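Coordinate-derived values only; no laboratory data. From a predicted model like this one, the values you see are computed outputs, not experimental measurements. Cβ placement follows ideal geometry from the backbone for every residue including glycine, while neighbour counts extend to all protein chains displayed.
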Amino acid sequence: MAEQVVPWWKRLYFRVAARKPLDQILREGNKTQMKRALGRIDLIAIGIGAIVGTGIFVLTGIAAAENAGPAVIVSFLIAGVVSGLSAFSYSEMASMVPIS
């Protein structure tokens, strides 16, 4: 019998869209070594950090519009790279959180 050749885009799709079965996720979640230790103060600090972080990005846009002139494009590229790095940081942290 001849082997079927799977197109490259289909193989890529199945690798990107791969999901674990729910049973396996729940089993791995029970074996976590992280303890749930966030209290009120921690949650308040996270909220304040989110508000301050948002304010920094808004103020950057205003400052770029008023002071950067033609370099606004470069300014926004730098802000985009920084935002991307921040997103990687948050996604890494989210992957460490135990199943709730």
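Worth a mention:
- 20 Å Cα-Cα reach of LYS10 towards lysines, excluding residues that sit fewer than 8 places from it in its own chain: LYS20
- Pairwise FRET efficiency - ARG11 versus SER95, Cβ, R0 = 25 Å, nearest 0.05: 0.55
- Of the DSSP H helices in the chain, those whose Cα atoms cover at least 20 Å axially and whose Kyte score averages -1.0 or more: 40-63, 72-96
- Chain lengthening between ILE44 and GLN24 when straightened (0.36 nm per residue, less Cα-Cα): 3.9 nm
- Kirkwood Rh in Å, taken over all unlike Cα pairs in the chain: 18.4 Å
- Shape parameters for the range 2-41, alpha-carbon atoms, Rg then Dmax in Å: 18.8, 64
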